[in-house]
Structures are given as C-alpha cells and as structure tokens.
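Report on one structure; see the data block that follows.
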Amino acid sequence: MAIEANQIVIDADAHVVECARTWDFMDPSEQKYRPIPLETREEAGVKQQFWVIDGKVRGFRFPAFSSAELEKRQQQVGRRFADVQESRELGNVDLRLQHMDDTGVDIQVLHNTMFIESATERAAVEVALCKSWNRWLADIWKQGQGRLRWSCMAPTLSMPDALDQIRWSKESGACAVLLRPIEGNRLLADPYFYPIYDEAQKLAMPIAIHIANGNPWLADLYNHPVRIASTLHRFRIPTVAAFNDILLSEIHQQFPKLRFGFIEASAQWLPWVLHEAKNRFKTLDREWPDNLAREYGMFVTCENSDDIPYIIREAGEDCLVIGTDYGHTDISSDVDAIKLFRARADITPAVKQKILSDNARALYGL
C-alpha cells in the first residue's frame, strides 16, 4: 500500500504481545531479571499464561485460546481478533504489514501488553525490562519500513533512566511515551512526573495513557472471580480519571505544548467528563478553551460501538482517533475497526479523514 503524505490511515491503538524474544535484548548483567513464562494445562480450550518476574507472578498476559474457543469468543462479542501468533508477537513483521494492507492501515502505533499491570516494584528490574522492551520495538521498527511506530516504556522508578530511555527511543522509532493512569502510588498529575513531561515536550512526543493499572494493591482488589465486571474499574475507570485529573491540573500551564492520548477506554464518557470539568473550571477561575484538542492537546480513541455523532457534537471533531487493539483478544479488539469506520454512513467524509488520519498525526507527530 503506497503511503501518501495527506492520506495516511493510522491505527492509533495496536499492540505487540511479549514473547521469549522480547527479553533477548537484555544486557548480560540483566539476564537474571529475565521473565519466565508459565502456563496451565488447557481446560475448555483455554490455557492461563503468566510471567514470573523477579521471583513473583507479575505483569499482564492474555490466556492462550484454542482455535475453536477463539472463534466462539469472536462470535460472542461480534468482533474479529488477530489470531496468528507470529503477527501478534511480531516474530514475522512482513505478515503484520500484509495484514495491515488487507485492513486498510498504513501505520500502526504499537503499545505494550505486559505492562498493563505492574511488573515490579524494584527500580533495577524495571530498568532492565523497559530497556529490553524498547530495544525489541526499535528492532521491529527497523524491519517495518516506517509503518510500525511505538510508545516508549519509561522506567518511572528511576527517573534518570526513564529520561535516558525516552531520548534513546525517540531516535529509534518511538512516537510517544507510555504511562499508566496509576503508576505505583502516584497519579499522573503528581509533579514527580514533571521531568518526563518536560522531556517529552522538548522532544515533541506525546504521553500515551493506555488503559492499565500500575498499582498492584488496587489491581488485586478488582481481580475477583467476576473478572469481566472488574475490568471496568481496574483499567478503564483509572484512564477516564487520569483525563479529568490532567485537564484540571496545572500541567498544561507548565507544559503548554505537551500532548496526551487516552487509549482504549472508548470515548462514550468524554461528553460527561468535559461537562463536569467545564463547571469546575468556573470554580478555579479558569477560562474554558474553545477547542480542547487544539489548545490542550488531548485526544481520545473511539470505538465503533460508541455514539460517535453524539460525541462529536458535544466534544468536537478534533479530539478523536481510532484504533483496532490489534493483537489482543478482548472486547476492545477488532481488526476490522478501520474498515467498519470507513463504511459508516452517519459520519461525513471530512470527519472520517480527521479521525482516521489528521487527528492521529497531530497526536503522535507523524
């Protein structure tokens, strides 16, 4: 697929699924921190999978589904998943690029899978994990003909190393810095993260806030038997709260050129949060921006299940991007999301162009 400068279709939320090769980029001295994969026996077409990191089961890993079980789940949610392991793990980059061609995508922005939950509470371990992950993605980017961009994992437990990784990643294909809505015991409006925000602004890199929860206690609290119910609280609600916190904080006054993307929480909540924030701006004696996306650089991924015309009417057409969640096997995933969005009759071609291309290019600086 030829990429024309003004017609680039961007999948703003795609993934790479970590595998054994992810950790081949560790320095020899860091191999003692290499994650160990574990899995259970298959039951009813499902194998539970885990990472053992620094002697503990940590991080996030999807179950492995049999072909029959995966097909059953696709039928249940009415969406199609990426089901080829070599493409999900990017062991075969050409296969991923071919699938992008087949689904009408020019560029994917890749986010992690494992770090959706906390992987460690030790700085040395986090530095080793993030460094190897970033090197792995840089290698994928080199193979991807400029079509596979990615978000840098910054080891926030060690700020000097975080800044080093951000600078290195910028030169190696990264187009964002990824942070979780909760990092340990800190929310993202905490001044602790100001050095990261300052560096990202200098490098014209946005902060990508993907649904996640980096607080082990809080994630465990919601990890009860009815897990399908708990995921809203565990991952999506913290992302929505982070949008509100950042909007009401002084971050935009401190870093006026910094951009933020809020990824995979859908966008149906956006009018409500903006309505609440607009009222609170009055109590803070602050002027509400005419165009939030342009003035504050805040973007949100939408899904085809959202009432997008309503969101556009209430929040504007400059703040939405769209992604497929390529590589994952949950209710947010739909490898055909771009095709389905293009076929919608309730959105004008001009707005489609913004959501598919212009807004994503503005967010990621592409």
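Please treat every number below as a calculation from the coordinates, not as lab data. Since the structure is predicted, the reported quantities are computational estimates derived from the model, not experimental observations. All Cβ positions, glycine included, derive from the backbone under ideal geometry; neighbour counts span all protein chains shown.
Distance between the modelled labels on VAL52 and ALA343, one decimal in nanometres: 4.7 nm (7 Å Cα→Cβ projection).
Report D for region 238-323 in µm² per second (integer): Stokes-Einstein, Kirkwood Rh on Cα pairs, 20 °C, 1.002 mPa s. In µm²/s, the coefficient is 164. Quick note on the chain: its Rg to Rh ratio, both from C-alpha atoms and Rh being the Kirkwood radius, is 0.94. Our estimate of slack between ASN223 and TYR310, defined as 0.36 nm per intervening residue step minus the Cα-Cα distance, is 28.0 nm.
Counted residue by residue at 0.36 nm each, then reduced by the alpha carbon distance between them, the extension gain from GLN143 to LEU284 reaches 45.9 nm.
Straight-line reach from LYS354: taking Cα to Cα under 30 Å and skipping same-chain neighbours fewer than 8 places apart, the lysines in range are LYS142, LYS170, LYS202, LYS257, LYS278, LYS339. Among the trypsin sites (Lys or Arg not before Pro) found in region 16-45, those both in a DSSP coil and sparsely packed, with 14 or fewer other Cβ atoms within 10 Å of their Cβ, are ARG41.
Take every DSSP beta bridge with both residues inside the chain and express the antiparallel ones as a percent of the total, to the nearest 5. Among the beta bridges of the chain, antiparallel pairing accounts for roughly 30 percent.
Distance between the modelled labels on GLN268 and ALA20, one decimal in nanometres: 4.2 nm (7 Å Cα→Cβ projection). With the biggest extent put first, the Cα atoms of region 142-229 measure 43, 32, 17 Å across the principal axes.
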